[in-house]
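Accompanying notes for the structure given below.
The values are calculated or read from the model by the stated rules, or taken from the named source; none is laboratory data. Owing to the predicted nature of the structure, the values given are computational and were not obtained by experimental measurement. Cβ coordinates were reconstructed from backbone atoms using ideal geometry, including for glycine residues, and neighbour counts include every protein chain displayed. For the accessible areas, the whole protein counts, side chains as well, though only heavy atoms, and no ligand, DNA or RNA atoms are used. Shrake-Rupley method; radii C 1.70, N 1.55, O 1.52, S 1.80 Å.
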Amino acid sequence: IKAAKGFGWNIPHTVGDWKTLIAAKDKAVLEINKSYEGMFNEGLEFAEGFARLKSATEVEILDAATKEVVRTVETKNVLVATGTWPFKPDFEGAEHCISSNEAFYLKDAPKKPLIVGGGYIAVEFAGIFNGYKPEGGVVTLCYRGELFLRGFDHACREGLRDQMRGNGINLMFNENPKKVEKIAEGQYKVTFESGKVDEYDVIMVATGRKAKTEGLNLEKVGIHFKKNGGVEVDKGNKTNVDGVFALGDVTDRLQLTPMAIHEGACLAATLFNGENRYPDYENVATAVFSQPPIGTVGLIEESAVKQYPNIAVYESSFTPLMHKVSGAAHKKFLVRVITDQDQDNKVVGVHMLGADTPEIIQSVGIAVKMGAKIKDFYGTIGVHPTSAEELCSMRTPSYTYKNGSKVVASNL
């Protein structure tokens, strides 16, 4: 709406209708759930309730209300795929905070929310709340570290930081809550570890998730866990107990829905089709749906340097044509491509920040998975005028690494 003004559309200032959004969300989730239920009409049996292992071959089903065992199922194989659950840090007054679970059940959009955390959930909800905040509202995100989204491309993280601030979001780094006090209904005072004090109407913690295994009796049958609580499995998603498998987020590996689907397909093919298929965790494209979003596949620069002694980094940052017209000059588009020079500049990482990068990175991920080289990128005719065409114009590296040491452009 803001960008439309630069194109000649004088749209009156409007505030998003949170209740309409929530109603639409509820409808979409219900439709998805019903589509899943439809799968159980194809020779599958669905048992509703809570489950726990009685043994490696027996599963007890408990009534959701009474928690009493209503049925025991004997089986050859058991699959644990219970996902994760938001983790709340142990500071005074943490009980006054919500998690992402409750965020979409708020009756109204918060006017002055505080989001605690630096992962993708934190930055995504910062954008959502910022888009729906009432007139005069301010969204604040605080993170205990120097910069959010640890593990993602550093330049993309810095660019996202700048653009989020340009969008009006208050970012506080090296800050962490020490105490939360309820002043009144919908009003909380937060004391930070630095001594700073401020008030907010909603406090959402997005400080991580833990494997949801409580009550499953996995310990009873001797299943091993990782130090962080994830279920320990081998490359075929088998636990240390014969016949018991686990996949998805509960194993705390690559926590992505498509990855869990891939793991499930591999396991099904192995157990029921006589194949030996194992999940492939290399070059998995993913996205952060921040505003603007990040699209990424392959190695970040720091990891590439450790794995390959001689790499090249191609980088381009520019204002898309759309925003040259809209006047939103802070909305830059960033593209970074990392190659291994010892493999004829094979592309080992692509990282993008800007509008539509999740859609773009899906296609780029296919090319990277197929072993594309940088010459394949610039040998492809770009689609003009698009931001993605920059991938087809990167012929000269911005800088390289020789035997792990960075070489700036002037010395290339």
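Show the residue pairs meeting these rules: Cβ distance below 7 Å; 6+ apart or different chains; first residue within segment 158-170 and on the phi > 0 side of the Ramachandran plot; second residue at pLDDT 95 or above and of a type outside the set (D, E, K, R).
If the second residue must be at pLDDT 95 or above and of a type outside the set (D, E, K, R), the pairs left are 168/130.
For a quick check of your reading: which strands (runs of 3 or more DSSP E) sit entirely within segment 178-252 and have at least 2 residues that are exposed (fewer than 14 other Cβ atoms within 10 Å of the Cβ)?
197-200
Taking the stated definitions as given, is residue 44 more than 22 Å from residue 213 (Cβ to Cβ), modelled with pLDDT under 95, out of contact with any Lys or Arg (no Cβ under 8 Å at 6 or more places or on another chain) and aliphatic (A, V, I, L, M)?
yes
Among the residues of segment 52-79, which ones are part of a strand (DSSP E or B) and open to solvent by less than 50 Å² (accessible area, probe 1.4 Å)? Lay out the reasoning, then the answer.
Taking segment 52-79 first, the residues part of a strand (DSSP E or B) are 52-55, 58-62, 69-74, 78-79.
Matches in segment 52-79: 53, 55, 58, 59, 60, 61, 62, 73, 78.
Just for strands (runs of 3 or more DSSP E) wholly inside segment 324-412: which have at least 3 residues that are in contact with a Gly (Cβ under 7 Å, 6 or more places away or on another chain), of a type in the set (A, V, I, L, M, F, W, C) and closer than 18 Å to residue 159 by Cβ?
333-340, 346-353
Just wondering, is there one or more residues in segment 255-275 that are of a type in the set (S, T, N, Q), touching a helix residue (DSSP H, G or I) at 6+ places or on another chain (Cβ under 7 Å) and either free of Cβ contacts under 8 Å to residues at least 12 places away in the same chain or at negative phi (or both)?
Yes: segment 255-275 contains one or more residues that are of a type in the set (S, T, N, Q), touching a helix residue (DSSP H, G or I) at 6+ places or on another chain (Cβ under 7 Å) and either free of Cβ contacts under 8 Å to residues at least 12 places away in the same chain or at negative phi (or both).
Please pick out the residue among 260, 285 that is farther than 26 Å from residue 343 by Cβ and either in contact with a Pro (Cβ under 9 Å, 6 or more places away or on another chain) or buried (at least 20 other Cβ atoms within 10 Å of the Cβ) (or both).
Checking each option against the conditions leaves just 260.
Evaluate segment 377-384: report whether one residue or more is more than 25 Å from residue 162 (Cα to Cα) and in contact with a Phe, Trp or Tyr (Cβ under 8 Å, 6 or more places away or on another chain).
no
Collect the residues in segment 15-25 that are among the charged types (D, E, K, R) and either open to solvent by 80 Å² or more (accessible area, probe 1.4 Å) or more than 21 Å from the chain's Cα centre (by Cα) (or both), keeping them in residue-number order.
Hits for segment 15-25 are 17, 19.
Taking residue 55 as the residue in question, decide whether it is touching a Pro at 6+ places or on another chain (Cβ under 7 Å), in contact (Cβ under 8 Å) with a residue 24 or more places away in the chain and among the hydroxyl-bearing types (Ser, Thr, Tyr).
no
Can you say whether residue 381 is touching a helix residue (DSSP H, G or I) at 6+ places or on another chain (Cβ under 7 Å), without any contact (Cβ under 8 Å) to a residue 24 or more places away in the chain and β-branched (Val, Ile, Thr), as far as the supplied structure shows? Lay out the reasoning, then the answer.
Details: touching a helix residue (DSSP H, G or I) at 6+ places or on another chain (Cβ under 7 Å): yes; without any contact (Cβ under 8 Å) to a residue 24 or more places away in the chain: yes; β-branched (Val, Ile, Thr): yes.
Answer is yes for this residue.
Within the group 51, 64, 47, which residue is under 30 Å from residue 219 (Cβ atoms) and either in contact with a Gly (Cβ under 6 Å, 6 or more places away or on another chain) or of a type in the set (Phe, Trp, Tyr) (or both)?
64
Tell me which of these residue 391 doesn't satisfy, since it passes every other one: (1) open to solvent by less than 20 Å² (accessible area, probe 1.4 Å); (2) under 20 Å from residue 282 (Cα atoms).
(2)
Do we find a residue being open to solvent by 90 Å² or more (accessible area, probe 1.4 Å), within 15 Å of residue 201 (Cα to Cα) and not in a strand (DSSP E or B) anywhere in segment 80-103?
So the first thing to find is which residues in segment 80-103 are open to solvent by 90 Å² or more (accessible area, probe 1.4 Å), and the list is 85, 90, 92, 95.
Going one step further and asking which of them are within 15 Å of residue 201 (Cα to Cα), we end up with 95.
Imposing the further condition that a residue be not in a strand (DSSP E or B) reduces the set to 95.
Yes, that holds for at least one residue.
Residue by residue through segment 312-323, note down the ones that are in a loop (DSSP other than H, G, I, E, B) and β-branched (Val, Ile, Thr).
319, the sole residue that qualifies.
Filter segment 130-171 for residues that are more than 22 Å from residue 332 (Cα to Cα) and in contact with a helix residue (DSSP H, G or I) (Cβ under 8 Å, 6 or more places away or on another chain); which is surrounded by the most Cβ atoms within 10 Å (Cβ to Cβ)?
Step by step, filter segment 130-171, then rank; the result is 143.
Of the numbered conditions (1) at pLDDT 85 or above; (2) open to solvent by less than 60 Å² (accessible area, probe 1.4 Å); (3) outside any loop (DSSP other than H, G, I, E, B), residue 4 satisfies every one except a single condition; which is it?
It is condition (1) that residue 4 fails.
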